[in-house]
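Read through the structure below, which is laid out as structure tokens, and then see the notes.
The values are calculated or read from the model by the stated rules, or taken from the named source; none is laboratory data. In this text, all values refer to a predicted model and were calculated from it rather than measured experimentally. Cβ coordinates were reconstructed from backbone atoms using ideal geometry, including for glycine residues, and neighbour counts include every protein chain displayed. With ligands, DNA and RNA removed, areas are computed over all heavy atoms of the protein, side chains included. Shrake-Rupley method; radii C 1.70, N 1.55, O 1.52, S 1.80 Å.
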Amino acid sequence: MGSNKYQITLLLPLSLIIILFLSSTSAQLRQNFYANICPDVENIVRRAVKTKFDQTFVTVPATIRLLFHDCMVSGCDASVIVASTPGNTAEKDHPDNLSLAGDGFDTVIKAKAAVDAVAGCTNRVSCADILVMAARDVIALAGGPSYPVELGRFDGLTSTAASVEGNLPQPTFNLNQLNAMFASRGLSQTDMIALSGNFSFEFSNKRVKKCKCCFIYHMMENGAACHTVGFSHCSKFANRIYNFSSSNPVDPTLDRQYATQLQNMCPRDVDPQIAIDMDPTTPRQFDNAYFRNLQNGKGLFTSDQSLFTDSRSKPTVNLWASNSQIFNQAFIEAMTKLGRVGVKTRLNGNIRVDCGKFN
């Protein structure tokens, strides 16, 4: 009998195993989780985020990007915030995370301090939950939807650079690669497209230098910066405008005028620290312009434009390009599902006193 049970378990499809795992780890999550613990926590975090936002708009993409990089690697457990020590290289120091903007980390740290300063709330709210709340709040501050968030996460107990490898989408990914990576985390193609419109998939360890001939320095590039409000280093798409193929130096899916504009902003000998806006139309606004840009051949990365050129995802791009309300709802659903990935419990997590180091 025991052997038969074992065989049945082996026959369970991977998708079902993922669903069962996500259901068990997300069961503890609920809205208003802190109602009887720290009842005003969401307002406290919102005020701290607004203060940071008023100091710099980079707060928006930096915080969103931080959440994405956190959830995609080890689950939503704030492990990306932990600093390296002499005996351990943490997630934040993996090459794919070196360009995570300090403003994202600072947003969470300041919000944590604001929460802990309130009597009864000290060390009662996890860094992981604060990051989720902060991401929701910066989206609203950039003109996007505000939505209720599920809370109840505990902070992770490990953070290693090695765990990052192969767990973040790359700018050269096609639809199959994107779908596979997101599906392994319980996210559908629709979720992936919604998050692609708001998370940049570019990676760089370069510091950003302001470009005098283009609108930049609004957002931080890469896995958790919004495509609708992000920017990228020239080196990450140079192949599309100079060396796409022997017969087509410029990627034929790029709008010709846009390609010329990119070449003017990113000449062959450009400073590698120069970056440009991912959204050439509304770089400081959370909206559905990203999808209209794809329709017009203005997706900056191969991973962007493939969403429109592939017949499986093109209908979704077209729908959201024409209806921001439907896109916003899909985005809220995708963010909620992303927030359920790899949630830690009391058994494998705790609440950190300092978000940047383990207790």
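Scanning the range 289-302 for residues being surrounded by fewer than 24 Cβ atoms within 10 Å (Cβ to Cβ) and of a type outside the set (D, E, K, R) gives a total of 6. For Ala113, the conditions (1) open to solvent by 20 Å² or more (accessible area, probe 1.4 Å); (2) among the small types (Gly, Ala, Ser); (3) not in a helix (DSSP H, G or I) all hold with the exception of (3).
For the range 335-342, the count of residues that are open to solvent by 70 Å² or more (accessible area, probe 1.4 Å) and either under 21 Å from the mean Cα position of the chain (by Cα) or within 19 Å of Ala135 (Cβ to Cβ) (or both) is at least one. Counting the residues of the range 97-110 that are surrounded by fewer than 23 Cβ atoms within 10 Å (Cβ to Cβ) and under 23 Å from Val341 (Cβ atoms) gives 4. Residues of the range 51-68 that are in contact with a helix residue (DSSP H, G or I) (Cβ under 7 Å, 6 or more places away or on another chain) and either under 18 Å from Pro145 (Cα atoms) or of a type in the set (Gly, Ala, Ser) (or both): Phe53, Thr59, Val60, Ala62, Thr63, Ile64, Arg65, Leu67. Summed over the range 343-359, the residues that are open to solvent by less than 30 Å² (accessible area, probe 1.4 Å) and within 19 Å of Asn88 (Cα to Cα) give a count of 4.
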